[in-house]
1. Taking the Cβ of ASN3 as the center, what net charge do the other residues with Cβ under 11 Å away carry, scoring Lys and Arg +1 and Asp and Glu -1?
2. Could you work out how far apart the two model spin labels at PHE58 and SER34 are, taking each label as a point 7 Å from the Cα in the direction of the beta carbon, and quote it in nm?
3. I want the local charge near ILE29. Using Cβ-Cβ distances under 13 Å, sum +1 for each Lys or Arg and -1 for each Asp or Glu among the other residues.
4. Extension gain GLU42-PHE91, at 0.36 nm per residue separation less the Cα-Cα distance, in nm?
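What follows is calculated from the coordinates using simple rules that are stated; it is not laboratory data. The structure presented is a predicted model; accordingly, all values stated were derived computationally and were not measured. Neighbour counts run over all protein chains shown; Cβ positions are idealised from the backbone, glycine included.
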Amino acid sequence: MFNIGSFLARTGYTHESLAKKMQCSPGLIGMYASQKSVPSYEKIEQLLKLGMTIEEMFGQEAAEQTHLFVQSEGELRDEANSFKDRVGEAFVELLNGGFFKLKSKPYTPQS
């Protein structure tokens with residue numbers, strides 16, 4: 001359920017002012033408001049950047065399900081650091097176990 005009307009009311013945008021920000025026609029915003037048209041991916045991205053919430057865009061139920069999968073920046077950073085630590089530990093374990101010891105032959109140039 002795409003609810004641009006709620007977004008307009010909350011932010012104070014009019015069809016005209018939002019259309020100007022999104023570089024489209026006020027008529028297109030009206031089509032979104034009357035649910036006769038759904039925004040393209042590009043327009044959805046613009047609306048999110050302008051502050052439209054997931055609840056306004058897709059409804060409360062979809063927003064609740066989305067929040068289960070979306071991580072905060074801090075959570076993503078912690079997960080990345082944890083992954084980096086695990087990879088480093090695995091590398092050291094392989095190094096200590098002799099995995100990277102290679103037998104090499106002396107180099108002989110070809111003539």
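1. Numbers: positive: ARG10; negative: GLU55, GLU56.
Cβ neighbours under 11 Å give a net charge of -1.
2. About 2.7 nm, to one decimal.
3. On the way: positive: LYS20, LYS21, LYS36, LYS43; negative: GLU16.
Combined, the nearby Lys, Arg, Asp and Glu give +3.
4. Values: separation 49, 0.36 × 49 = 17.64 nm, distance 4.16 nm.
Result for the pair: 13.5 nm of gain on full extension.
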